[in-house]
Amino acid sequence: QNELFRNLSSGINAEYGDVIWSNRNSYAVISAGRDGKIIMWDIRRSKSALHYFDQLNGNSEKAHFGSVTSLSQTEGGLFLLSSGQDEQVRCWNMTNGENTFTNFGRAVTPDKKTVGATVSFNSCYPGLLYLPNGSEISVYDILSGQHVTDLPGHFGRVNAVCYNKVSPQLYSCSSDCTILVWEPPIPDEESCDEALTNKNTPYQDSWSDSDEESK
């Protein structure tokens, strides 16, 4: 463990806020830096930096202007999603490490603090990005960048969200000292066919706090 710490930290010259294991490579981790850099590391090597994610797919080695505030991945690791202090969300193709230039618009508030984002997966659709945004959770279509909806319910800053693909349920925690459970309606066969045909998600505008449904 000490050797692993030395290997990875030797290439970092700035504070970092998040590190995740790659869903695509069992020997790789991905770090989010306060300097705007996202780096993939090989834990087996002393000089372990494999790739610097560049927002322009050039030589800047910068993924965001300002701090990188979240990292999340699709199941299988085909896409990496990141958000930053520059109010941008970026989608990265993990087969080549390049920016897909998916337009998510002005996505998040310019907060330097790290948040825990997550990606959902279901049999009807490739996935949705759930991103804490102030006291709400913003939901985005991963492939198109379309803003699907915002989930209000907390009275303080949302710090992290977690998706349970078995249920499926979304869990969120906030500085208001609460944890909320969010449940979508179960899509029927017709809504699945429509989602695949029109590239619309059957979950659009339909997530709700489970407490509200029980009332």
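The values are calculated or read from the model by the stated rules, or taken from the named source; none is laboratory data. Not measured: the values here are computed from a predicted model. Note that we place each Cβ from the backbone using ideal geometry, even for glycine, and neighbour counts take in every protein chain shown. Ligands, DNA and RNA are excluded from the accessible area calculation, which covers all protein heavy atoms including side chains. Shrake-Rupley method; radii C 1.70, N 1.55, O 1.52, S 1.80 Å.
Can you name every residue in region 77-87 that is surrounded by 17 or more Cβ atoms within 10 Å (Cβ to Cβ) and more than 12 Å from the chain's Cα centre (by Cα)? GLN85, ASP86, GLU87, listed by residue number.
For region 44-66, does any single residue satisfy the condition of being closer than 14 Å to GLY17 by Cβ, buried (at least 20 other Cβ atoms within 10 Å of the Cβ) and free of Cβ contacts under 8 Å to residues at least 60 places away in the same chain? Lay out the reasoning, then the answer.
First, pick out the residues of region 44-66 that are closer than 14 Å to GLY17 by Cβ: 63-64, 66.
From the residues that got through so far, the ones that are buried (at least 20 other Cβ atoms within 10 Å of the Cβ) too are 63-64.
Filter once more, so that each one left must be free of Cβ contacts under 8 Å to residues at least 60 places away in the same chain: 63-64.
Yes: region 44-66 contains one or more residues that are closer than 14 Å to GLY17 by Cβ, buried (at least 20 other Cβ atoms within 10 Å of the Cβ) and free of Cβ contacts under 8 Å to residues at least 60 places away in the same chain.
Listed by first and then second residue, the pairs with beta-carbon distance under 8 Å, at least 6 apart or on different chains, first residue in region 86-99 and free of Cβ contacts under 8 Å to residues at least 24 places away in the same chain and more than 19 Å from GLU75 (Cβ to Cβ), second open to solvent by 30 Å² or more (accessible area, probe 1.4 Å) and of a type outside the set (A, V, I, L, M), are GLU87/ARG106; GLU87/THR109; GLU87/PRO110.
PRO152 meets the conditions (1) closer than 25 Å to GLY76 by Cα; (2) of a type outside the set (Gly, Ala, Ser); (3) surrounded by fewer than 18 Cβ atoms within 10 Å (Cβ to Cβ) in every case but one. The failed one is (1). Residues that are farther than 16 Å from ASN99 by Cα and open to solvent by less than 40 Å² (accessible area, probe 1.4 Å) were ranked within region 32-42; the one that is nearest to the chain's Cα centre (by Cα) is GLY33.
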